[in-house]
Amino acid sequence: MHDTVMLEAKGRPTAVIVTSEFVLEAETQRDALGMAGVHAVVIAHPLSSLTDDEIEQRIEQALPQVERAWLGKSVTSDS
């Protein structure tokens, strides 16, 4: 989250990716760093025990949100 906040403050679009179990922690860090407008891309938990195919599914899950974040759109909307 620190890197995301630093890059966003410099005007560089970023996308921090967290699993569903760490959303609250990411939001707490973001708020403490003064960047309430930065929203995490959320993928399903867990990640560390997955097969390569399952990780590929997580990538596919994240890509639309990452693209929206880079374009300055809400990562949670489909518009």
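Of the listed requirements (1) within 12 Å of the chain's Cα centre (by Cα); (2) surrounded by 13 or more Cβ atoms within 10 Å (Cβ to Cβ), residue 59 misses just one: (2). Per the listing 47, 33, 7, the residue uniquely surrounded by 13 or more Cβ atoms within 10 Å (Cβ to Cβ) and in contact with a strand residue (DSSP E or B) (Cβ under 7 Å, 6 or more places away or on another chain) is 47. Condition check for residue 24 on (1) modelled with pLDDT under 90; (2) surrounded by fewer than 13 Cβ atoms within 10 Å (Cβ to Cβ); (3) not β-branched (Val, Ile, Thr): one failure, at (1). Restricting the stretch 9-28 to residues that are under 13 Å from the mean Cα position of the chain (by Cα) and part of a helix (DSSP H, G or I) leaves a set whose member that is farthest from residue 72 (Cα to Cα) is 21. Any chance you could count how many residues in the stretch 29-57 are closer than 24 Å to residue 8 by Cα and either part of a loop (DSSP other than H, G, I, E, B) or not hydrophobic (A, V, I, L, M, F, W, C) (or both)? So the answer is 11. Is it fair to say residue 79 is exposed (fewer than 11 other Cβ atoms within 10 Å of the Cβ), at pLDDT 90 or above and assigned to a loop (DSSP other than H, G, I, E, B)? So residue 79 fails the test. Restricting the first member to the stretch 27-40 and to residues that are of a type outside the set (A, V, I, L, M), and the second to residues that are surrounded by fewer than 16 Cβ atoms within 10 Å (Cβ to Cβ) and outside any helix (DSSP H, G or I), the beta-carbon pairs closer than 8 Å and six or more apart or on different chains are 30/36; 39/74; 39/76. If you go through the stretch 58-76 and pick out every residue that is part of a loop (DSSP other than H, G, I, E, B) and without any contact (Cβ under 8 Å) to a residue 12 or more places away in the chain, you end up with 1.
The values are calculated or read from the model by the stated rules, or taken from the named source; none is laboratory data. Being a predicted model, the structure only gives us computed values, none of them experimental. Because the Cβ atoms are built from the backbone with ideal geometry, glycine has one as well, and the counts that use them run over all protein chains shown.
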